[in-house]
Amino acid sequence: MKDKILSYLKSNKHYWWTVGILPGLYAITYLYSNNYTLVNSWTQLSYLVLTMVIAPSTLIILIGFLLKGKSERIKNTFYSSSLIIITAISLSLVVYLGWRWKALLLVATVTILASWFLGKHYKKGVLILSMMCFLGVLQLIFYLFTSLFTYDNWVKESPLVTIEFQIKPNIYYIQPDGYANKLSLENDNYNFDNGIFYSNMTLKGFNFSHQYHSNYPSTLTSNATLFTGQHHLYGKEKFKNELFNARQIIMGGKSCFRNF
């Protein structure tokens, strides 16, 4: 292994996958390890692979073909700057969920200038990134095994699903997310009388749960308990960011209100 690494570092060969695949692979493993519940769909995975692996790899292959016959310094500058820039873009998309244009332009400018003088050392960066990818894959496998593959579904069959109303739709549930309730509006902070609204809605047949309170910090996790009539305790706290499959549970067949 040591001889192969030394041979790679000393050779003049450039491999497109070391620059085109490794940055995106590390970014994807990082994203899935830290935010799996937000990206656990085939559509999302396809998008990530397309934008972070296939697109940059295609670009590296095309430009690498055009650089055939060019000086070794030019090739080193291209592969070195591409490695850093693609890594910066990939991490910007998964960490900040967007393009940090000013920072990325600064990174690109400094990288291209530095690569002109230090580009011949870029393969050392490839080795470091390869190790990071390897550790990232191991971390993702451990996360999936301990959180997903051993996940015990908390949703149990509810007797409410046997209820079948004769007239549909018959229940309207309005949830003004972020709207202060009656008691909060009447306190000293707001001092707002919203009685007209409540009176008009009551006349239309709506009922209000003014004493309703949820211990869950987000609407998504709160609605998962509401539409199943059960507490989830965040799936035994295996998913820190949000509840696993919360949207599918609310909108799918596991909701106890699906027949209403």
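Quick note: the coordinates plus some simple rules give every number you see, no bench work behind them. No experiment lies behind these values; they were computed from the predicted model shown. Glycine gets a Cβ as well: all are built from the backbone with ideal geometry, and neighbour counts include every protein chain shown.
Annotations
- Within the chain, the selection of entire DSSP H helices by a Cα span of 30 Å or greater along the long axis and an average Kyte-Doolittle value of at least 1.0 returns 72-95, 122-143.
- Checking the cross-link pairs K70/K102; K2/K124; K70/K123 against a 22 Å limit on the alpha carbon distance flags K70/K102 as lying beyond it.
- Overall form of the chain: prolate. Here a/c, set by the Cα gyration tensor axes a ≥ b ≥ c, is 1.5 or more, and a/b is the larger of a/b and b/c.
- Residue ranges 66-72, 106-112 sort as 106-112, 66-72 when ordered by packing (mean number of other C-beta atoms within 10 Å per residue, highest first).
- Cα gyration tensor shape of the range 1-73, rounded if a/c is under 1.5, else prolate or oblate by comparing a/b with b/c: oblate
- Packing rank of 13-23, 118-128, 41-51, where each peptide gets the mean count of other beta carbons within 10 Å, highest leading: 13-23, 118-128, 41-51
- Structure-based [θ]222 nm, the chain - -39500 (n - 2.57) summed over DSSP H runs of at least 4, per residue, nearest 500: -17500 deg cm²/dmol
- Each Cα pair under 8 Å and six or more residues apart adds its sequence gap; the mean of these over the residue count of the range 2-148 is a relative contact order of 36 percent.
- Cα-based shape type of the range 126-224, given that a ≥ b ≥ c are square roots of the gyration tensor eigenvalues and the cut on a/c is 1.5: oblate
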